[in-house]
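Take a look at the structure below.
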Amino acid sequence: MDDRFIRERISDLRIKKGVSEYKMSLDLGHSKGYIQSISSGKSLPSVTELLYICEYLGVTPKAFFDADSAAPQMVEHIHDLAKDLSEKDLQVLIYVAERLKEKDR
């Protein structure tokens, strides 16, 4: 994993969220070109800023760095919804997920 991964991941997740570089920069409290400077490789966010970026994008740092997850924001959404389910409902959710995974093979 390198600087390029971080830049591309931020861009990909930002686009999936449907927000412009300009808006994201301002929403994070930075100048209008902040995210563009990251995307272009001129700068990288600090660790603290990366945590704010993850929160803004709706992903955990773990999900951000999980290169195998094509839709980490959706996985986080499922995770958030699953937290409040009963054990029985979680078993149903697991069953459905396993069935869908088998279907894709």
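Inspect all residues belonging to segment 14-23 and state whether any of them is over 19 Å from the mean Cα position of the chain (by Cα), on the phi < 0 side of the Ramachandran plot and of a type in the set (Lys, Arg).
No: segment 14-23 contains no residue that is over 19 Å from the mean Cα position of the chain (by Cα), on the phi < 0 side of the Ramachandran plot and of a type in the set (Lys, Arg).
Considering only segment 43-67, state which residues are in contact (Cβ under 8 Å) with a residue 60 or more places away in the chain and either assigned to a helix (DSSP H, G or I) or under 10 Å from the mean Cα position of the chain (by Cα) (or both).
Answer for segment 43-67, where residues must be in contact (Cβ under 8 Å) with a residue 60 or more places away in the chain and either assigned to a helix (DSSP H, G or I) or under 10 Å from the mean Cα position of the chain (by Cα) (or both): just 65.
Sort out which residues of segment 13-39 are more than 24 Å from residue 81 (Cα to Cα) and open to solvent by 60 Å² or more (accessible area, probe 1.4 Å), and write them in order of number.
Matches in segment 13-39: 22, 23, 26, 27, 29, 31, 32, 36.
Can you confirm whether segment 70-85 contains a residue that is of a type in the set (S, T, N, Q), farther than 14 Å from residue 14 by Cβ and open to solvent by less than 80 Å² (accessible area, probe 1.4 Å)?
Looking for residues that are of a type in the set (S, T, N, Q), farther than 14 Å from residue 14 by Cβ and open to solvent by less than 80 Å² (accessible area, probe 1.4 Å), one finds none in segment 70-85, hence no.
Identify the single condition in (1) within 18 Å of residue 72 (Cβ to Cβ); (2) open to solvent by less than 60 Å² (accessible area, probe 1.4 Å) that residue 43 does not satisfy, given that it satisfies every other one.
Status for residue 43: all satisfied but (1).
Assuming residue 78 fulfils every condition listed in (1) modelled with pLDDT of 95 or more; (2) aliphatic (A, V, I, L, M); (3) over 22 Å from residue 2 (Cβ atoms) apart from one, which condition is it?
All conditions pass for residue 78, except number (1).
The values are calculated or read from the model by the stated rules, or taken from the named source; none is laboratory data. As the structure is a computational prediction, the values presented were derived from the model and not from experiment. Here Cβ is always computed from backbone atoms with ideal geometry, including for glycine, and neighbour counts include all displayed protein chains. Ligands, DNA and RNA are excluded from the accessible area calculation, which covers all protein heavy atoms including side chains. Shrake-Rupley method; radii C 1.70, N 1.55, O 1.52, S 1.80 Å.
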